[in-house]
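What follows is one structure encoded as structure tokens, with my remarks underneath.
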There are 2 protein chains.
Amino acid sequence: MHGMARFFVSPEELSGSFLTLTGENAAHCKVLRIKRGDTITLCDGGGHECQCAVSDISPGQVSLVVTGRETSQTEARLMVRIYMAFPKSDKLEHVIQKATELGACEIIGFPSARCVSLPDAKSLERKLDRWRKIASSAAEQSGRGRIPTVRVLPSFQEAVADAAQAELSIIFYENEHQRTLSSLLKQAELLQSVSILTGPEGGLTPQEVQQARDAGLYSCSLGRRILRCETAPLCALSAILYAAGEF
Amino acid sequence: MHGMARFFVSPEELSGSFLTLTGENAAHCKVLRIKRGDTITLCDGGGHECQCAVSDISPGQVSLVVTGRETSQTEARLMVRIYMAFPKSDKLEHVIQKATELGACEIIGFPSARCVSLPDAKSLERKLDRWRKIASSAAEQSGRGRIPTVRVLPSFQEAVADAAQAELSIIFYENEHQRTLSSLLKQAELLQSVSILTGPEGGLTPQEVQQARDAGLYSCSLGRRILRCETAPLCALSAILYAAGEF
């Protein structure tokens, strides 16, 4: 268990043969009852990892000796970006936590026509801060080498333009009855990047879906059952990573 | 929106050309602001559906005229049963809701060695009742034709024996580094039934995994990231239904 404990630090804090953990990380070591001689992993959140042995513990500081360095082995080869129209209450937090565990590389919130809950400019900074903490903590717990980026875009139009930059961009729409996800993923093992865009509780408008298609996104459904707005991106992410050969 | 409103009734309540909704269903119609002339669907939860036109609304009673009957079109062809070791607090509720949306046919709770939270016999009946209501309500909202069965088994051994009856039975184990899910699902489109078994927060013990293997379950991982106990079954269910050609 302790061998798997994992802490994110800044890239500078990873240089040298003798490292220290302070602040929240040191407090977290105490919670995990980490003791002298235990092995832990430090990670810069950008894919670089250090295996360390705990050499000393004093109040607020844990001293470490580096025993090995490597590139993170737990990141998905396929970069999946999740574009999610702002849902109500804590649903976005749920999606950020689960999408991080599952292996998404980015989670991007944006407003759409039927959003019932839009974060105002004032609370947005505080919320972004909270969302990034959730991503960081979920990345630690799931053993990821990178912390997914969490960001927001100011309009549906910008979300679509951003999503369209991936090799394959998909908008999920319950009224799309022709195209299946599997038809889009026939070559999934060769793909480098996929964007998926999903709507809020009330769904996307036909105009929004058309706007996305015009920008080059493929519309497709997630089957014959109606998924909640927080379930759709996680179902799609699971299927895409499966199709890409992740498990 | 109203055309998609969906109510579960007992099979007897579906017979005849003139039907009525009472009690909770009538109250729910009021919440949904259903009015005379609207079209709704009644479903017996066993795959039989009735399309109805609302002919009259009085306090506590909604009168309906049957306009069509059919077999539900929204059920997954592949029957997936989810065996989940009792997790803490409300995580099982979360899994029941999401697994129902995604299309599971059964959700089965059971105790395992590392479960930190076991429902006692006294509270179990109350909890089962609550879990079944969650499944029923999620089935309604997602447009399913069947309400998944929710049940519990008294031991790990019985859960394994029950799971082993499916055509393909899988136990997810983070220390299984050889077999992938995709290697088990090469013929997924031909399968009729799959069982998936997952552990509690602390994971399954090596002994439990061996016991399951001895009973005929295949052990396999869900990739290189460590998933929370409530994320694993939903990730697996999404991937399995995708592999089976559902979307």
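When you check B:Glu101 against the structure, is it part of a helix (DSSP H, G or I), free of Cβ contacts under 8 Å to residues at least 60 places away in the same chain and within 14 Å of another protein chain (Cβ to nearest Cβ), yes or no?
Details: part of a helix (DSSP H, G or I): yes; free of Cβ contacts under 8 Å to residues at least 60 places away in the same chain: yes; within 14 Å of another protein chain (Cβ to nearest Cβ): yes.
For B:Glu101, the condition - part of a helix (DSSP H, G or I), free of Cβ contacts under 8 Å to residues at least 60 places away in the same chain and within 14 Å of another protein chain (Cβ to nearest Cβ) - is met.
Tell me which residues, restricted to the range A:120-153, are assigned to a helix (DSSP H, G or I), open to solvent by 10 Å² or more (accessible area, probe 1.4 Å) and touching a helix residue (DSSP H, G or I) at 6+ places or on another chain (Cβ under 7 Å).
If we filter the range A:120-153 for residues that are assigned to a helix (DSSP H, G or I), which is where we start, we get A:121-142.
Next cut, open to solvent by 10 Å² or more (accessible area, probe 1.4 Å) only: A:121-134, A:136-137, A:140-141.
Passing the criteria: A:Trp131, A:Ile134.
Restrict the check to the range B:173-187 and report whether at least one residue is more than 14 Å from every other protein chain (Cβ to nearest Cβ) and over 18 Å from the mean Cα position of the chain (by Cα).
Yes: one or more hits.
Evaluate the range A:30-39: report whether one residue or more is among the polar types (S, T, N, Q) and assigned to a loop (DSSP other than H, G, I, E, B).
no
So which residues in the range A:1-26 are farther than 19 Å from A:Ala135 by Cβ, assigned to a helix (DSSP H, G or I) and free of Cβ contacts under 8 Å to residues at least 12 places away in the same chain?
A:Glu12
When you scan the range A:61-96, how many residues do you find that are part of a strand (DSSP E or B), of a type in the set (A, V, I, L, M) and touching a Leu at 6+ places or on another chain (Cβ under 7 Å)?
Residues of the range A:61-96 that are part of a strand (DSSP E or B), as a first pass: A:61-71, A:79-85.
Adding the requirement that they be of a type in the set (A, V, I, L, M) leaves A:62, A:64-66, A:79-80, A:82, A:84-85.
Add one more test, that the residue is touching a Leu at 6+ places or on another chain (Cβ under 7 Å), and what stays is A:62, A:64, A:66, A:80, A:82, A:84.
Residues that pass the stated criteria total 6.
Among the listed residues B:Leu153, B:Leu222, which satisfies the condition of being of a type outside the set (Asp, Glu) and over 17 Å from the mean Cα position of the chain (by Cα)?
B:Leu222
Could you tell me whether B:Val209 is farther than 30 Å from B:Glu49 by Cα, modelled with pLDDT of 95 or more and of a type in the set (A, V, I, L, M, F, W, C)?
Spelling it out, B:Val209 is indeed farther than 30 Å from B:Glu49 by Cα, modelled with pLDDT of 95 or more and of a type in the set (A, V, I, L, M, F, W, C).
Could you give me the residue pairs with C-beta distances under 7 Å whose first residue belongs to the range A:105-119 and is open to solvent by 20 Å² or more (accessible area, probe 1.4 Å) and modelled with pLDDT under 95, whose second residue is assigned to a loop (DSSP other than H, G, I, E, B) and of a type in the set (D, E, K, R) wherever it lies, and which are 6+ apart or on separate chains?
These pairs meet every condition: A:Val116/A:Lys88; A:Val116/A:Glu201; A:Ser117/A:Lys88.
Take the range B:60-97 and flag every residue that is of a type in the set (D, E, K, R) and in contact (Cβ under 8 Å) with a residue 60 or more places away in the chain.
The answer is B:Glu75, B:Arg77, B:Arg81, B:Lys88, B:Lys91.
Report, by residue number, each residue of the range A:188-247 that is part of a helix (DSSP H, G or I), more than 19 Å from A:Lys98 (Cβ to Cβ) and either facing chain B (nearest Cβ under 7 Å) or open to solvent by 20 Å² or more (accessible area, probe 1.4 Å) (or both).
First pass over the range A:188-247, keeping only residues part of a helix (DSSP H, G or I): A:188-190, A:206-214, A:232-243.
Keeping just the survivors that are more than 19 Å from A:Lys98 (Cβ to Cβ) gives A:188-190, A:206-214.
Within the range A:188-247, A:Glu189, A:Leu190, A:Pro206, A:Gln207, A:Gln210, A:Gln211, A:Arg213, A:Asp214 meet the criteria.
Which of (1) within 30 Å of B:Gln192 (Cα to Cα); (2) out of contact with any His (no Cβ under 9 Å at 6 or more places or on another chain); (3) open to solvent by 50 Å² or more (accessible area, probe 1.4 Å) is the odd one out, the single condition B:Pro59 does not satisfy?
(1)
Which condition does A:Thr100 not pass, out of (1) buried (at least 21 other Cβ atoms within 10 Å of the Cβ); (2) within 26 Å of A:Glu208 (Cα to Cα); (3) within 13 Å of the chain's Cα centre (by Cα), if it passes all the others?
Tallying (1) buried (at least 21 other Cβ atoms within 10 Å of the Cβ); (2) within 26 Å of A:Glu208 (Cα to Cα); (3) within 13 Å of the chain's Cα centre (by Cα), A:Thr100 fails exactly one: (2).
Which residues, taken from the range B:204-224, are without any contact (Cβ under 8 Å) to a residue 40 or more places away in the chain and touching an Asp or Glu at 6+ places or on another chain (Cβ under 6 Å)?
Answer for the range B:204-224, where residues must be without any contact (Cβ under 8 Å) to a residue 40 or more places away in the chain and touching an Asp or Glu at 6+ places or on another chain (Cβ under 6 Å): just B:Gly223.
The values are calculated or read from the model by the stated rules, or taken from the named source; none is laboratory data. What you are looking at is a predicted structure, and each value in this text was computed from that prediction instead of being measured. A quick note on method: Cβ atoms are made from the backbone with ideal geometry, for glycine too, and the neighbour counts reach across all protein chains shown. Ligands, DNA and RNA are excluded from the accessible area calculation, which covers all protein heavy atoms including side chains. Shrake-Rupley method; radii C 1.70, N 1.55, O 1.52, S 1.80 Å.
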